[in-house]
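The values are calculated or read from the model by the stated rules, or taken from the named source; none is laboratory data. Owing to the predicted nature of the structure, the values given are computational and were not obtained by experimental measurement. Here the Cβ positions follow ideal geometry from the backbone for every residue, glycine too, while neighbour counts run over all protein chains shown. The area values use the complete protein model at the heavy-atom level, side chains included, leaving out ligands, DNA and RNA. Shrake-Rupley method; radii C 1.70, N 1.55, O 1.52, S 1.80 Å.
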Amino acid sequence: MLRIDLLKLLEYNMINKKTIHLYIKVFILLFLLQSNKSFAQEVIFKASAPQAVVKGEQFRLTYTLNKEGKELRLPSDMKGFEIRFGPSVSSSYSTQIINGKSTSQSSFSHTYILVAPEEGTYTIAPASITVDGSNYRSNSLEIKVLPPDKEAEKSQSEQKPSASSSSQEIKASDAFIRTVVSKSSIYEQEGFMVTFKLYTTLNVVNFGRIEFPEFEGFLVEELDVPSNQQLKLEHYDGRNYYTAVLRKTLLFPQRSGKMTIPSGRLEMVFSVPSGKKVSSFFGMQEVNVDVKKPMITNPVTLNVKSLPAGRPSSYKGAVGSFTFTPSISEQKIRANEPLTVTLKISGTGNQKLIQNPDVEFPTNFELYDPTIENDFTAGESGLNGTRTIKYLAIPRYEGDYTIPPIEFSYFDLKSSTYKTLKSPSYTINVLKGDPSKVASSTYVNQQQVKVEQDIRYLKTGQPKFLKTDKFFVGSWMYWLWYIIPFVLLCVFFIFYRKQMKLNANIALMRTKRANKMAKRRLKQAEQYLKEHNKAQFYNEVLRAIWGYFSDKLSIPVANLTRSNIGSELAEYGVEEGLIKKFMSILDTCEFAHYAPGESSDSMDEVYKETIDSIGKMENSLKSKN
């Protein structure tokens, strides 16, 4: 009996050991599979270089890989470029642990120093590399080689060393803003792009006050501009500049003739050499100073052509290039069931300004307002996308009905002619419907009964009788019908003459409207205050104050300074304390515009002080007058 128990115990232990070994093998296998899954990552092989380089200057061509590779092979044809050095190989590793999960990244870079001996646009073909026995190809690069900066070469050749030479002034050719239009001759309602572009050879430190021009007479569609865009090299007027797009706007002119985009104003702070040198650990180094430079954009005059005569009757204001796709939900339905006609207008042009095409439904159809869905993206020549219009109608009586062809006309910019697109005619077979589906409404059968022709409404209420011996002609009411219009005409004429004299005095009108314009800008500042948008708030308060002084003192904004504001207000007899308060508000706004942080209480206090000061100024000037 004891022997049997011992045998069973040994057999049980053997089974347990086999089970434990099996569990260990399974665990190791799962761990290896998971490790392979974690370490197996997609190979990314990317080439990078500047989009534009200067002839004769060196630049870097870098190939970046997220896994170690070997046998990097450059393209056999490197036309337009010479390799001066390389490759220089570097690597970096990083590990992140987030919520207990660790991720590792590695980067391997192969850098070459190249130079372009000739101008032009050249393409660097993809390179190849071997990773874990597999070949991978990089992307190709297109690089524009610009001519050398003639101004820089001239200044270097004429430069004379001088210990006392210092210039903190910025030339107009060193930094400026251009207003670039995609087209200068356009048709009415034709879209075109306006780009405000910064050109500079200096280091940009900060932006100051920005006042872009108003686009009067245009429909405006703003385009998003990346806030963290990199400066690009561009050759313009014999010099190489670093450029950045400040604003892109899509405009649609609403009238024909000569139209002008006025100048805008922008202040920027640049870092420029001071001409002084100091001794440091690395030797003599030149000291840079920050210089503020006001810049004015160039005005642009456009020739807006009117649309030619001979517009089709179905023309609804569309200008561009479009396609027309009509459809109908059903052509065989029952009475009292809805029917939908869908029109899709796709293409490029003034999509938002197009009116809905006319659809002639039978008189026995109950109609509802159409629904409109817009799916647009802004492009260089207008809005690209589709405008979907859905017409809902409900037939109330059975029978066969016809919807005539639906026309859509537009002015084609390529051929400069009107084009008309048509849908087929739709024949609708309306069967007898379910009476229970009829909705309660005031709808009547317009085909059978027409008000004021076939039947007249019954008049209800107490009738009013007039005596036969009384006449309207000659009564006091009769004469009032003549006297009142004559008196109103005289009052209107006197008021109109007075208003014409006031309008002729432009300076006086600006002075009277100064308070109203300031309040309008301060309302916008109040909106930014509620949104806690500090930069826009202080910018709008500054615009309100400077605009108020410009209108009140009849001095252009470009000629306003603190000194002439103080002297002009003193001549008007404004108290010295109120003048100092305005100057304090200007200082606070300009300082806070560049400050790293500002509390909402401070912004609210500035807003209240501005409104209070303008009110006191108005009261002071009225009392003097």
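Each label point is 7 Å from the Cα along the Cα-to-Cβ direction; what then is the distance between the points at D358 and W479, in nm?
A separation of 5.1 nm, rounded to one decimal place.
According to the square roots a ≥ b ≥ c of the eigenvalues of the Cα gyration tensor, what is the shape class of segment 511-558, taking rounded for a/c under 1.5, prolate for a/b larger than b/c otherwise, and oblate for the remainder?
oblate
Of G317, S280, P294, whose Cα points farthest to the positive end of the dipole of segment 262-322 (charges on the beta-carbon: +1 Lys, Arg; -1 Asp, Glu; origin at the Cα centre)?
My answer, from the dipole projection, is G317.
Based on the alpha-carbon gyration tensor of segment 260-412 and its eigenvalue square roots a ≥ b ≥ c, which shape applies: rounded if a/c is under 1.5, prolate if not and a/b is larger than b/c, or oblate?
Verdict is prolate for segment 260-412.
How big is the accessible area of K101 in square angstrom, nearest 10, if you roll a 1.4 angstrom probe over the protein chains?
Spelled out: K101, probe radius 1.4 Å, area about 150 Å².
To the nearest µm²/s, what D does Stokes-Einstein give for segment 354-425 at 37 °C and 0.692 mPa s, using the Kirkwood radius over alpha carbon pairs as Rh?
221 µm²/s
How much net charge surrounds Y242 when only other residues with a Cβ under 10 Å from its Cβ are counted (Lys, Arg +1; Asp, Glu -1)?
Here the count lands on 0.
What shape does segment 227-350 take by its C-alpha gyration tensor, where a ≥ b ≥ c are the square roots of the eigenvalues and a/c under 1.5 counts as rounded, a/b above b/c as prolate, and the rest as oblate?
It is prolate, given that a/c is not under 1.5 and a/b is the larger ratio.
How much of R562 can a 1.4 Å solvent probe reach, expressed as accessible area in Å² and rounded to 10?
80 Å²
Full-extension gain between T402 and V289, please, as 0.36 nm times their residue separation minus the C-alpha to C-alpha distance.
32.8 nm
Could you grab the relative contact order for segment 43-145? Cα pairs under 8 Å, six or more apart, rounded to a whole percent.
Once divided by the residue count of segment 43-145, the mean separation gives 37 percent.
What number comes out for the charge environment of V131, summing +1 per Lys or Arg and -1 per Asp or Glu over other residues with Cβ under 14 Å away?
Value of the local net charge: +1.
Could you sort I555, I124, I210, I296 by accessible area so the largest value comes first, with the probe set to 1.4 Å?
Final ranking, largest accessible area leading: I296, I210, I555, I124.
So which GluC sites (Glu not before Pro) in segment 331-422 pass both tests, a DSSP loop state and at most 16 other Cβ atoms within 10 Å of the Cβ?
E360, E380, E398
Under unit Cβ charges (Lys, Arg +1; Asp, Glu -1), what dipole magnitude, rounded to 20 debye, does segment 157-309 have relative to its Cα centre?
That gives a dipole near 300 debye.
Could you tell me the calculated FRET efficiency between T123 and T62, based on Cβ-Cβ distance and R0 = 22 angstrom, to the nearest 0.05?
0.80
I want to check the label-to-label distance for K183 and K432. Put each point 7 Å from Cα in the C-beta direction and report it in nm to one decimal.
Computed distance between label sites K183 and K432 equals 5.9 nm.
Points 7 angstrom from Cα along the Cβ direction at S313 and N619: gap in nanometres?
Going by the 7 Å Cα→Cβ label model, 6.6 nm.
Can you give me the relative contact order of segment 207-271 as a percent, contacts being Cα pairs under 8 Å and 6 or more apart?
Answer for segment 207-271 is 54 percent.
Suppose R0 equals 41 Å. What FRET efficiency, 1/(1 + (r/R0)^6) with r the Cβ-Cβ distance, do K150 and S416 give to the nearest 0.05?
0.50
Could you give the length gained by full extension between S227 and E609, i.e. 0.36 nm per residue of separation minus their alpha carbon distance, to one decimal place?
Taking S227 through E609 to full extension adds about 134.3 nm, to one decimal.
Would you work out the relative contact order for segment 285-361, in percent, from Cα pairs under 8 angstrom that are 6 or more residues apart?
Dividing the mean separation by the residue count of segment 285-361 yields 32 percent.
Between beta-carbons, use under 13 Å as the cut-off and find the net charge around V291, counting Lys and Arg +1, Asp and Glu -1.
Net charge around V291: -1.
How much accessible surface does L219 have with a 1.4 Å probe, in Å² rounded to 10?
60 Å²
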